[in-house]
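Trainee: Structure in structure tokens, see below.
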There are 2 protein chains.
Amino acid sequence: MITVLAGGVGAARFLTGLVQVVPARHVTAVVNVADDLEVHGLHVSPDLDTVTYTLAGAIDRDRGWGLADETWHAMEGLARYGAPTWFNLGDRDLATHLQRTRRLGEGADLATVTGELAGAWEVEVRLLPVTLDPVRTRVTLPDEDGLEVGFQEYFVRRRHAVPVSGVRFDGVERARPTPGVLEAIADADRIVIAPSNPIVSIGPVVAVPGVGDAVGARRDHVVAVSPIVAGAALKGPADRLLTELGHEASVVGVARIYAPLAATLVIDEADAGLADDVAAEGVRAVVAPTIMAGPAESAALARVVLEAGEPGP
Amino acid sequence: MITVLAGGVGAARFLTGLVQVVPARHVTAVVNVADDLEVHGLHVSPDLDTVTYTLAGAIDRDRGWGLADETWHAMEGLARYGAPTWFNLGDRDLATHLQRTRRLGEGADLATVTGELAGAWEVEVRLLPVTLDPVRTRVTLPDEDGLEVGFQEYFVRRRHAVPVSGVRFDGVERARPTPGVLEAIADADRIVIAPSNPIVSIGPVVAVPGVGDAVGARRDHVVAVSPIVAGAALKGPADRLLTELGHEASVVGVARIYAPLAATLVIDEADAGLADDVAAEGVRAVVAPTIMAGPAESAALARVVLEAGEPGP
């Protein structure tokens, strides 16, 4: 059994590789929900949807989110009504949010609904939102007089093109792990920290009380994949966020953050020269190609992670 | 000032004629909301939307409901999730229901939201839902052991192709007229009962306590347009409903129902031979073409209604 701590795009691509190497039903993904938002009265779970759509082969790969062959007619209509349109929702995608919102309104919990949605897409990976309690990433923007905004207000509305001076996970201290999450971590043969943003994707997963400790308790069985390659994020603002929040935007900085959680870090060949510096942080470095240009590269990376084995003495 | 009691398609077509003849801002439509329903967690107001879309020139005229150039991708997605799909909602149309539902959730009332939506379509006719309180038409189906269903379960899901043994307006006895409705009736120069279904469109409008009495008090100024032509409804099940519920599916039957409310009934030329029978019900018959094949016919009918004048002694 493999358990993967997951954000959005990077995690989703890794999971598509993993299910080529092990049976999907042996995989549990514990997914970030601190990016979730309410928009047009609908509960949107971007990371859960990205993982689901990607595993279903239905993602719009160019755009990186949402469904392929999408249309935008409902958004055009909402624009007519003066509704906010910076968070774009396609017509096909809307079905997911309508169904999720209705089911939550009926009293179903997010894990149940996530399972139903994934099942409809014939996704066999078990997807667990890390918590059923409301946790929301809040981002402080120094250039706007220290205004604190919701994650998507930063990430989408401002295209993550503004400096950040702080990140916190509102509600996380009261959040409880979703039933099954701690067991999935405790019982896994291998735990993978997917190549997601360490601050805003993996951060709010391991910040849920009990989750970080559970992962740390299995440290020798935990393999992280660096989302930073040659000092830059492949996608999104991870590099800038690391620097702005006092970390180092490198595999060494990632190793330092993950050292309490993971005994092993897979770093890209481009960073082979930093393997010793990673080791100096107490984390074994495994060097491999990590850029997942397609399914073959994703599968190769999954194999590397699975074969990383336990670290030596 | 003209006030029109309105259902859906027939009323909407009449209103498009009326606004060619009088300034739209002089017209108030008091619209049925007992056909409203919750579907996919959204508040749908079919008659309000049909009137709005028709006045905006945006209705799908062939289909008779919803917006032109529509796509159905969200519904395809909902079908994937096993959600009920018998009440079809187009992608463009969804924007209306999303916006309405969100605004109602924010505490805005249906009249306010209706005004906002109509304003966005540049509709200048004042649209008033007859009540802000929940009133829902319930239909008894004798062929299903007397099962009582919501109106759209009869009208859409069963394509109104089943017998009906009873109709009631759940909640109507506690409903209050929307602020402005009684004034719009009391102050109007002319009150028009649009060619809508007398039982399930006009019925729940005049059943709201105070509304029927207010219309009856202005009886001499009220002109109804028969939705029955030559014994048949132009659209929908009005003829069958009249018969099944003990009325007569003819202009005479319509006159009998409307006699307490309207001094004048416009009947189609096809029914000219029944003018005396209408008069025998205490209702003056005005004979004119009533079939609104297009804007010109709608305008002509509006002129007939406005020129009908007050009944003689």
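Trainee: Just need a number here: residues in the stretch B:82-104 that are of a type outside the set (Asp, Glu), out of contact with any helix residue (DSSP H, G or I) (no Cβ under 7 Å at 6 or more places or on another chain), in a helix (DSSP H, G or I) and facing another protein chain (nearest Cβ under 8 Å).
Mentor: Residues meeting the conditions: 2.
Trainee: Please find, among A:Ile257, A:Ile291, A:Ile267, A:Ile228, the residue that is in contact (Cβ under 8 Å) with a residue 60 or more places away in the chain and among the β-branched types (Val, Ile, Thr).
Mentor: Just a single option satisfies the conditions, and that option is A:Ile291.
Trainee: Sticking with this structure for a sec: Helices (runs of 4 or more DSSP H) wholly in the stretch B:132-242 with at least 1 residues that are more than 30 Å from B:Ala270 (Cα to Cα) - which ones?
Mentor: Once the helices (runs of 4 or more DSSP H) in the stretch B:132-242 are filtered for at least 1 residues that are more than 30 Å from B:Ala270 (Cα to Cα), what remains is B:181-187, B:211-217.
Trainee: In the stretch A:17-28, is there at least one residue being more than 15 Å from A:Glu122 (Cα to Cα), hydrophobic (A, V, I, L, M, F, W, C) and open to solvent by less than 10 Å² (accessible area, probe 1.4 Å)?
Mentor: Yes, the conditions are met somewhere in the stretch A:17-28.
Trainee: Of the residues A:Ser250, A:Ser201, which single one is in contact (Cβ under 8 Å) with a residue 24 or more places away in the chain, open to solvent by less than 20 Å² (accessible area, probe 1.4 Å) and under 15 Å from the mean Cα position of the chain (by Cα)?
Mentor: Among A:Ser250, A:Ser201, only A:Ser201 is in contact (Cβ under 8 Å) with a residue 24 or more places away in the chain, open to solvent by less than 20 Å² (accessible area, probe 1.4 Å) and under 15 Å from the mean Cα position of the chain (by Cα).
Trainee: Filter the stretch B:61-71 down to residues that are assigned to a loop (DSSP other than H, G, I, E, B) and at pLDDT 95 or above and give me whichever is nearest to the other protein chains (Cβ to nearest Cβ).
Mentor: B:Thr71
Trainee: Follow-up question, since we're still on this one. From the list B:Ala108, B:Ala83, B:Ala68, pick out the single residue that is closer than 19 Å to A:Asp93 by Cβ and not charged (D, E, K, R).
Mentor: Result of the check over B:Ala108, B:Ala83, B:Ala68: B:Ala83.
Trainee: Looking at the stretch B:29-51, which of its residues are under 19 Å from B:Gly119 (Cβ atoms) and open to solvent by 10 Å² or more (accessible area, probe 1.4 Å)?
Mentor: Passing the criteria: B:His43, B:Asp47, B:Asp49, B:Thr50.
Every residue, every condition in (1) in contact with a strand residue (DSSP E or B) (Cβ under 7 Å, 6 or more places away or on another chain); (2) in contact (Cβ under 8 Å) with a residue 24 or more places away in the chain, yes or no:
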site: B:Thr114; (1), (2): yes, yes
site: B:Trp121; (1), (2): no, yes
site: B:Val149; (1), (2): yes, no
site: B:Ala161; (1), (2): no, no
site: B:Asp170; (1), (2): yes, yes
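Trainee: Would the stretch B:34-54 turn up any residue that is within 12 Å of chain A (Cβ to nearest Cβ), in contact with a Leu (Cβ under 9 Å, 6 or more places away or on another chain) and assigned to a loop (DSSP other than H, G, I, E, B)?
Mentor: Yes, because at least one residue in the stretch B:34-54 is within 12 Å of chain A (Cβ to nearest Cβ), in contact with a Leu (Cβ under 9 Å, 6 or more places away or on another chain) and assigned to a loop (DSSP other than H, G, I, E, B).
Trainee: Right, something else. Does the stretch A:127-149 include one or more residues that are within 11 Å of chain B (Cβ to nearest Cβ), open to solvent by 10 Å² or more (accessible area, probe 1.4 Å) and either of a type outside the set (Phe, Trp, Tyr) or within 22 Å of the chain's Cα centre (by Cα) (or both)?
Mentor: Looking through the stretch A:127-149, none of the residues is within 11 Å of chain B (Cβ to nearest Cβ), open to solvent by 10 Å² or more (accessible area, probe 1.4 Å) and either of a type outside the set (Phe, Trp, Tyr) or within 22 Å of the chain's Cα centre (by Cα) (or both).
Trainee: For the stretch A:260-303, how many residues meet the condition of being in a strand (DSSP E or B) and β-branched (Val, Ile, Thr)?
Mentor: Of the residues in the stretch A:260-303, 5 are in a strand (DSSP E or B) and β-branched (Val, Ile, Thr).
Trainee: So if I check each of A:Ala79, A:Ala74, which one is within 14 Å of chain B (Cβ to nearest Cβ), in a helix (DSSP H, G or I), crowded, with 24+ Cβ neighbours inside 10 Å and small (Gly, Ala, Ser)?
Mentor: The unique qualifying residue is A:Ala74.
One line per residue, one yes/no per condition, for (1) within 21 Å of the chain's Cα centre (by Cα); (2) more than 13 Å from A:Ile193 (Cβ to Cβ); (3) among the charged types (D, E, K, R):
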| residue | (1), (2), (3) |
| --- | --- |
| A:Ile257 | yes, no, no |
| A:Val266 | yes, no, no |
| A:Gly273 | no, yes, no |
| A:Val278 | no, yes, no |
| A:Arg284 | no, yes, yes |
| A:Val305 | yes, no, no |
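Trainee: Hey, any hits in the stretch B:92-111 for a residue that's within 18 Å of the chain's Cα centre (by Cα) and open to solvent by 10 Å² or more (accessible area, probe 1.4 Å)?
Mentor: yes
Trainee: Checking A:Ser196 against (1) more than 18 Å from the chain's Cα centre (by Cα); (2) touching a residue at least 60 places away in the same chain (Cβ under 8 Å); (3) farther than 27 Å from A:Pro84 by Cα; (4) surrounded by 16 or more Cβ atoms within 10 Å (Cβ to Cβ): exactly one of these is not met. Which one?
Mentor: The single condition A:Ser196 does not satisfy is (1).
Trainee: Looking at the stretch B:154-185, which of its residues are of a type in the set (A, V, I, L, M, F, W, C), modelled with pLDDT of 95 or more and open to solvent by 60 Å² or more (accessible area, probe 1.4 Å)?
Mentor: Once the filter is applied, which keeps residues that are of a type in the set (A, V, I, L, M, F, W, C), modelled with pLDDT of 95 or more and open to solvent by 60 Å² or more (accessible area, probe 1.4 Å), the stretch B:154-185 yields only B:Leu182.
Trainee: What number of residues within the stretch A:263-274 satisfy the criterion of being more than 14 Å from A:Pro227 (Cα to Cα) and surrounded by fewer than 18 Cβ atoms within 10 Å (Cβ to Cβ)?
Mentor: The number of residues fulfilling the criteria is 2.
Trainee: Is the stretch B:19-30 home to any residue that is modelled with pLDDT of 95 or more and either within 14 Å of chain A (Cβ to nearest Cβ) or farther than 30 Å from B:Val211 by Cα (or both)?
Mentor: Within the stretch B:19-30 (the criterion being modelled with pLDDT of 95 or more and either within 14 Å of chain A (Cβ to nearest Cβ) or farther than 30 Å from B:Val211 by Cα (or both)), the answer is no, since none of the residues qualifies.
Trainee: Moving to a separate point now. For the list (1) more than 13 Å from chain B (Cβ to nearest Cβ); (2) touching a strand residue (DSSP E or B) at 6+ places or on another chain (Cβ under 9 Å); (3) open to solvent by 10 Å² or more (accessible area, probe 1.4 Å); (4) small (Gly, Ala, Ser), I need the number of the one condition that A:Gly57 fails.
Mentor: The failed condition is (2).
Trainee: Applying the selection to the stretch B:260-281, what residues are out of contact with any Leu (no Cβ under 8 Å at 6 or more places or on another chain) and not small (Gly, Ala, Ser)?
Mentor: Residues satisfying the conditions are B:Pro260, B:Leu261, B:Thr264, B:Leu265, B:Asp268, B:Glu269, B:Asp271, B:Leu274, B:Asp276, B:Asp277, B:Glu281.
Trainee: For the stretch A:289-303, which positions are buried (at least 18 other Cβ atoms within 10 Å of the Cβ) and touching a strand residue (DSSP E or B) at 6+ places or on another chain (Cβ under 9 Å)?
Mentor: A:Thr290, A:Leu301, A:Ala302
Trainee: Among the candidates B:Ala118, B:Ala188, single out the residue that is touching a Ser or Thr at 6+ places or on another chain (Cβ under 9 Å), surrounded by 20 or more Cβ atoms within 10 Å (Cβ to Cβ) and over 28 Å from B:Ala68 (Cα atoms).
Mentor: After ruling out the rest, the residue left standing is B:Ala188.
The values are calculated or read from the model by the stated rules, or taken from the named source; none is laboratory data. In this text the structure is predicted, and so the values were computed from the model without any measurement. Quick reminder, even Gly has a Cβ in these numbers, built from the backbone with ideal geometry, and neighbours come from all protein chains shown. Note: accessible area is taken over every heavy atom of the protein model, side chains too, but ligands, DNA and RNA are not part of it. Shrake-Rupley method; radii C 1.70, N 1.55, O 1.52, S 1.80 Å.
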